[in-house]
Amino acid sequence: MKGKLVITSFYIFFSPIMLLVNGVKDRFLPFKKWSIIIFITLYGSTMSIESAYDGYRHYQDVYDHYLNMSFNDYLNGLYNIITFKLNPGSQDVYKHTISYLVGSVFNAPYLFFVIVSFVYAYFFTSSILIVTRYFYQTKKTLLFLGFFFLFLLSKNVEGINTVRTWTGMWILVYACLKYYELKRIRYILLMLVPPLVHVGYFIFIFPVLLFLFIGNRPYLFILILTLSISANFLEPPQVNNLFIQTEVGAQKAKGYTRNELQSFNDIVENKLETGSRLYSAFQKGGLQKIALYFLVYTLVFSGIYLHKMNYYQKSIFSIGLLMLSFSNLFWFNYAVSNRSLIIATVFLLASMLITWLNPITTSLFHKPSGLLKMGLSTSLILFIPNMINNLSALLDFPSIYLFFSPFLVWANPSINLSIKEFIQFFLQ
């Protein structure tokens, strides 16, 4: 054990990527978990963020609003946030508190992404390890590996850049995974934390709370999803009127509202005309939602969701169905629609992989019927442009110094270089 700690300490300072490799390979769960968490925290501390990204703005807010902030100003800002009034620097309790701590209490703004990355890493890693609990006990086919990598790429460590949105999602996913397994009240309380991380979760949490109150009703959820696909019974002005009652709601509604939904073909053509790559155009057009429909209805018509999943697996899948329906209903607000689609994708894929890996239910996917195999294969193929797009986004942020000596970036951030920039340099 002592030797493992020594080599781990060496990897932290000289090669974090090897810390990740060794951690993933290790069968001792606590070592695996904390190796991944530490790696992701190191990733955040060396992350290469350009001015065009959200993370740059959030980091700059520490310098612009939180350096030497008094505790009284912090409390006044907190009051503005919880009463949904506009607040300079942040509209979320989570970011407001971290920014105050690193900007005023510690007087160390460079710790901002260290703390943000650690929190993200804990809930992301914990959720992934729950989903993959039986990974080494189950036969892996190419089809399974395709969906496994799709799950990992749906929202990986690149989500740290947004600071709030995807941290909130992984907290919500973890809380649901733990509650429907253990039924402990503290995980219900944890479900209520994401709105403190990002104000949008006051909306996103609705499907989760709805399921919590009404329980598993698979036929009802399938009916709701089917009706929501052609949703036109929610009037955007009426819904927006609910949001504009507060300063924050008015700002968000104004910034993200659209009056009509463009067709897939129109979006793809427009994106290609403006120079977007084909996989990016397909992703913007929403091909991944069509792929998700194939996945959902394949598991429905094959009987896996309705009759063969156990309570735990079905609960996580049902939350995904309600979140997907929610995405459809809010088509007129592209921020709510797109983000809830990603959350739904994570829940649905998590449930399917849990079912696939569980020793009791794994036989459902071994030698699948023609319908199941064709449906899953079609879904995975349609997801390919989304996977390529997410992989490209994933390469935007990790530093080349994750392979060697991250302390060089800590000492001199100006020498930082992302992996994508490093590859482009040699290609040119």
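What do you get for chymotrypsin sites (Phe, Trp or Tyr not before Pro) in region 320-428 restricted to DSSP loop and a cutoff of at most 16 other Cβ within 10 Å of the site's Cβ? Sites meeting the loop and neighbour criteria: 403, 404. A simple spin-label model places pseudo-atoms 7 Å from Cα toward Cβ; at residue 114 and residue 206 they are separated by 4.1 nm.
Dipole magnitude for region 257-416: about 440 debye, using +1 per Lys or Arg Cβ and -1 per Asp or Glu Cβ, origin at the Cα centre.
Placing a pseudo-label 7 Å from each Cα along the Cα-to-Cβ vector at residue 367 and residue 408 gives an inter-label distance of 5.5 nm.
For the chain, what is the charge dipole size about the Cα centre, in debye to the nearest 20, if Lys and Arg each add +1 at the Cβ and Asp and Glu each add -1 at the Cβ? If you can, show how the numbers build up before the last one.
Numbers: 32 positive and 17 negative charges, 349 e Å.
Here the size comes out at about 1680 debye.
In the context of the full protein assembly, residue 184 retains an accessible surface of approximately 110 Å², using a probe radius of 1.4 Å and ignoring ligands and nucleic acids. Distance from the Cα centroid of region 159-225 to that of region 268-336 is 17 Å (rounded to whole angstrom).
Our summary of shape: the Cα atoms of region 152-196 have principal axis extents of 31, 24, 9 Å, ordered from largest down, in whole angstrom.
Of the DSSP H helices in the chain, those with a Cα length along their own long axis of 30 Å or more and a mean Kyte-Doolittle hydropathy reaching 0.5 comprise 334-357, 370-394.
Residues of the chain were split at every exposed loop site, defined as GluC sites (Glu not before Pro) in a DSSP loop with at most 16 other C-beta atoms within 10 angstrom, and the longest piece left, sites excluded, is 51-259. Calculated from the structure at hand, Cα extents along the principal axes in Å is found among (1) 99, 42, 38; (2) 58, 57, 52; (3) 75, 62, 51 as (2). The alpha-carbon of residue 178 sits under 29 angstrom from the alpha-carbons of these lysines, leaving out residues fewer than 8 places away in its chain: 25, 32, 33, 95, 139, 140, 155, 289, 308, 314. What separates the Cα centres of region 1-53 and region 373-417 is a distance of 16 Å. Across region 315-329, the residues whose backbone nitrogen lies under 19 Å from the label position 7 Å along the beta-carbon direction of residue 226 are 318-329.
Computed over all pairs of different Cα atoms, the Kirkwood value for the hydrodynamic radius of region 9-147 is 17.3 Å.
The values are calculated or read from the model by the stated rules, or taken from the named source; none is laboratory data. Note that the coordinates shown come from a computational prediction; the quantities given were computed from them, not determined experimentally. Note that each Cβ is placed from the backbone with ideal geometry, even for glycine, and that neighbours are counted across all protein chains shown. We work out accessible area using only protein heavy atoms, side chains counted, and drop any ligands, DNA or RNA first. Shrake-Rupley method; radii C 1.70, N 1.55, O 1.52, S 1.80 Å.
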